[in-house]
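**Student:** Structure incoming, see below.
The values are calculated or read from the model by the stated rules, or taken from the named source; none is laboratory data. A quick note: this is a predicted structure, and the numbers were derived from the prediction, not measured. Reconstructed Cβ throughout: ideal geometry from the backbone, glycine too, with neighbour counts over all protein chains shown.
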Amino acid sequence: MKKCIYLSIVPLLFLLLIQSGCNNQETAYNYYLALKGESDNWNLNGYEIEMTQEKFKAGNGTLKMKSENEYKTDSFHFNTHAVINNEDITIHSGSDTGLGIDIAEETTGTIEAATYLNKNGDPITLDEISDIYIIVEWWDRNKSKNVKERINLYRKTDMELNS
């Protein structure tokens, strides 16, 4: 009878050791977002964000002015923002300046860097991002001033924010 009890406990202990070893492993993840959006004067297409535990990559988008095939100005700038754990962070930016540059279509380029870390020092996950948006700023030749517009790219639903 004792031999039968010992034989039952050994496989159970073995399973517990295997299971506890598996719980200590980090789960690998890859997030890929294909984003697009628009504002009053701009369309953004093809903007991509890729996140892994090792890297963060953003860009490859094209900004096109609505109803304009050519728009000459002296300055153009954009900032892509992500709200990560309630902190608004600029994750990507670009600009173009010069006399009479045509900004009717602008590419965003791409950045690649180490992944963002949360307050615990762990790589962020998509669950920690509540908003992604881009601010486009340019010299409006008709208004003779800099103009800014926001293009919303990603927003967690209220239900997701409360979970």
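**Student:** Among the numbered conditions (1) small (Gly, Ala, Ser); (2) farther than 23 Å from Glu38 by Cβ; (3) at pLDDT 95 or above, tell me where Ala82 comes up short.
**Tutor:** Status for Ala82: all satisfied but (2).
**Student:** If you don't mind, another one. Which residue is farthest from Trp138 (Cα to Cα), if the candidates are limited to the stretch 23-71 and must be hydroxyl-bearing (Ser, Thr, Tyr), in contact (Cβ under 8 Å) with a residue 40 or more places away in the chain and assigned to a strand (DSSP E or B)?
**Tutor:** Only one residue tops the list, namely Thr52.
**Student:** Still on this structure: For residues that are under 15 Å from Asp88 (Cβ atoms) and of a type in the set (Val, Ile, Thr), scanning just the stretch 111-130, find the one that is farthest from the chain's Cα centre (by Cα).
**Tutor:** Ile124
**Student:** Which one is farthest from Gly37 (Cα to Cα) among residues in the stretch 89-107 that are touching a residue at least 24 places away in the same chain (Cβ under 8 Å) and within 20 Å of the chain's Cα centre (by Cα)? Lay out the reasoning, then the answer.
**Tutor:** Step one: of the stretch 89-107, the residues touching a residue at least 24 places away in the same chain (Cβ under 8 Å) are 89, 91-92, 98-107.
With within 20 Å of the chain's Cα centre (by Cα) added as a condition, the list becomes 89, 91-92, 106-107.
Details: Ile89: 19, Ile91: 17, His92: 16, Glu106: 15, Thr107: 14 Å.
So, considering only residues that are touching a residue at least 24 places away in the same chain (Cβ under 8 Å) and within 20 Å of the chain's Cα centre (by Cα), the one farthest from Gly37 (Cα to Cα) is Ile89.
**Student:** Would you mind stating whether Gly100 is in a strand (DSSP E or B), loosely packed, with under 15 Cβ neighbours inside 10 Å and on the phi > 0 side of the Ramachandran plot?
**Tutor:** Here the answer is yes, as Gly100 does meet what is asked.
**Student:** Output yes when any residue across the stretch 75-94 is touching a Ser or Thr at 6+ places or on another chain (Cβ under 8 Å), surrounded by 17 or more Cβ atoms within 10 Å (Cβ to Cβ) and assigned to a loop (DSSP other than H, G, I, E, B), and no when none is.
**Tutor:** Looking for residues that are touching a Ser or Thr at 6+ places or on another chain (Cβ under 8 Å), surrounded by 17 or more Cβ atoms within 10 Å (Cβ to Cβ) and assigned to a loop (DSSP other than H, G, I, E, B), one finds none in the stretch 75-94, hence no.
**Student:** Another one. Filtering the stretch 103-147 down to residues that are among the aromatic types (Phe, Trp, Tyr) and more than 20 Å from Ser67 (Cβ to Cβ), which residue is surrounded by the most Cβ atoms within 10 Å (Cβ to Cβ)? Talk me through it step by step, then tell me what you get.
**Tutor:** Step one: list which residues in the stretch 103-147 are among the aromatic types (Phe, Trp, Tyr), which gives 116, 133, 138-139.
Add one more test, that the residue is more than 20 Å from Ser67 (Cβ to Cβ), and what stays is 116, 133.
On the way: Tyr116: 16, Tyr133: 19.
Of everything passing the filter in the stretch 103-147, Tyr133 is surrounded by the most Cβ atoms within 10 Å (Cβ to Cβ).
Let's see how each residue does on (1) in contact with a Lys or Arg (Cβ under 6 Å, 6 or more places away or on another chain); (2) farther than 21 Å from Trp42 by Cβ:
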position	(1), (2)
Met65	no, no
Glu70	no, no
His92	no, no
Gly98	no, no
Gly109	no, no
Asp127	no, yes
Tyr133	yes, no
Val136	no, no
